[in-house]
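The values are calculated or read from the model by the stated rules, or taken from the named source; none is laboratory data. Please read these numbers as outputs of a predicted model, since none were measured by experiment. Heads up, the Cβs are rebuilt from the backbone with ideal geometry, glycines too, and the neighbour counts pull from every protein chain shown. The area values use the complete protein model at the heavy-atom level, side chains included, leaving out ligands, DNA and RNA. Shrake-Rupley method; radii C 1.70, N 1.55, O 1.52, S 1.80 Å.
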Amino acid sequence: MLKIAYTAEYCYSLPEGHRFPMEKYELIPQQLLREGVVREDSFFQPQPLDPHWILRTHTQTYWDDLRNLRLSDKMVRRIGFPLTEALVHREIVIAQGTIDCCRYAQQYGIAMNIAGGTHHAYADKGEGFCILNDVAIAANYLLDEGQRKKILVIDLDVHQGNGTACIFENEPRVFTFSMHGKDNYPLHKEKSDLDIALPSYLTDEPYLHQLYETLPGLLEREKPDFLFFIAGVDVLETDKLGKLKMTKEGCRRRDQFVFEQAQRYRLPLAVVMGGGYSHRLADIVEAHCNTFRLAEEMYF
């Protein structure tokens, strides 16, 4: 069955009026269960991550400051969340969830995390609602444990995966591919192994054409043996921060193509949700749920 990382701790309490749609982490599982897409036993609750794996990716100084709640006010503002023990605990549980998804993906072909995709977190700092880089942590786990030799990160969130790109800039065993808005956050882009910077207001067909033309050749050339997919739904035309004009159907076709390519090359795939900031929470939840619906339909 489709295995999905989720615990109630994912839904962190934020001040009223905060622009991050934290409620989606409760609503996505509820919607999937209500529709009968998945069962209760599809969900598993990750435990807190061993600090060893945090320090494989993040610096000792950053981790010490984070866990002791000593981050500077400036960095807390750049992250965008109030810094508390509960927030730090949430982040290490999410990161363990992505590692657990790697294990299940190798068993079942795919596994998914309701949260994750915190690609703006660098080794020594956080920003953009990202504190620990869960995909980078999980990729290093796979490499260090000898489970995989070459990893491809497919980052289709509308914002460049700047933290992931920087973390792996000198690691040839991890190939970072980011397809993102050219005129969007972050203002300063890092250099991924492959960046495709998209013009603002791009619609479904040119977006999908670019993906269709790029991903198969990338898989042929790089020959990865494991895939991460950051499936942000901030590409939608309804998104407050996205600057693209994709429909929910276009976003669904994007996900379908990634799944098809993973199946074609028989590559295990760990999927994390990334961002989504549409004005209507229902639009965010529906687009994310499409990703889970497709996974269940195509793999099980």
**Study point:** Every pair of residues 6+ apart whose Cβ atoms lie under 8 Å, when the first sits in the range 259-277 and is more than 23 Å from residue 159 (Cβ to Cβ) and among the hydroxyl-bearing types (Ser, Thr, Tyr) while the second is open to solvent by 10 Å² or more (accessible area, probe 1.4 Å) and in a strand (DSSP E or B)
**Key:** none
**Study point:** Count - residues of the range 278-289 that are surrounded by fewer than 21 Cβ atoms within 10 Å (Cβ to Cβ) and under 9 Å from residue 238 (Cβ atoms)
**Key:** 3
Point to revise | Answer from 2, 55, 27 - the residue that is modelled with pLDDT of 95 or more and farther than 23 Å from residue 81 by Cβ | key: 2
Exercise for review: May I ask you to verify whether residue 30 is open to solvent by 40 Å² or more (accessible area, probe 1.4 Å), closer than 18 Å to residue 91 by Cβ and out of contact with any Pro (no Cβ under 9 Å at 6 or more places or on another chain)?
Suggested key: no
Point to revise | Answer residue from the range 89-115, given it is open to solvent by less than 10 Å² (accessible area, probe 1.4 Å) and among the small types (Gly, Ala, Ser) and is nearest to residue 274 (Cα to Cα) among those | key: 115
Check your understanding: Which condition breaks for residue 112 when tested against (1) part of a loop (DSSP other than H, G, I, E, B); (2) closer than 20 Å to residue 21 by Cβ; (3) not basic (Lys, Arg)?
Key -> (1)
Exercise for review: Scan the range 35-68 for residues that are open to solvent by 70 Å² or more (accessible area, probe 1.4 Å) and either over 21 Å from the mean Cα position of the chain (by Cα) or hydrophobic (A, V, I, L, M, F, W, C) (or both) and jot them down.
Suggested key: 35, 39, 40, 41, 52, 60, 61, 67, 68
**Study point:** Selection status of residue 261, in contact with a Pro (Cβ under 9 Å, 6 or more places away or on another chain), part of a helix (DSSP H, G or I), of a type outside the set (Ser, Thr, Tyr) and modelled with pLDDT of 95 or more
**Key:** yes
Check your understanding: Of the residues that sit in the range 135-177 and are of a type in the set (D, E, K, R) and out of contact with any His (no Cβ under 9 Å at 6 or more places or on another chain), which one is most open to solvent (accessible area, probe 1.4 Å)?
Key -> 149
Check your understanding: Within the range 60-72, is there a residue that is modelled with pLDDT under 95, at negative phi and in contact with a Lys or Arg (Cβ under 7 Å, 6 or more places away or on another chain)?
Key -> no
Review point. Which of the residues belonging to the range 206-231 are open to solvent by 10 Å² or more (accessible area, probe 1.4 Å) and either in contact with a Gly (Cβ under 8 Å, 6 or more places away or on another chain) or β-branched (Val, Ile, Thr) (or both)?
Key: 214
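For (1) among the small types (Gly, Ala, Ser); (2) outside any strand (DSSP E or B), each residue gets a yes or a no:
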{"site": "180", "(1), (2)": "no, no"}
{"site": "188", "(1), (2)": "no, yes"}
{"site": "196", "(1), (2)": "no, no"}
{"site": "200", "(1), (2)": "yes, yes"}
Point to revise | Residue that is part of a helix (DSSP H, G or I) and more than 19 Å from residue 134 (Cβ to Cβ), where the choices are 70, 90, 19, 77 | key: 77
Check your understanding: How many residues does the range 149-193 hold that are aliphatic (A, V, I, L, M) and over 17 Å from the mean Cα position of the chain (by Cα)?
Key -> 1
Practice item. From 122, 201, grab the single residue that is loosely packed, with under 14 Cβ neighbours inside 10 Å and touching a residue at least 40 places away in the same chain (Cβ under 8 Å). Key: 201
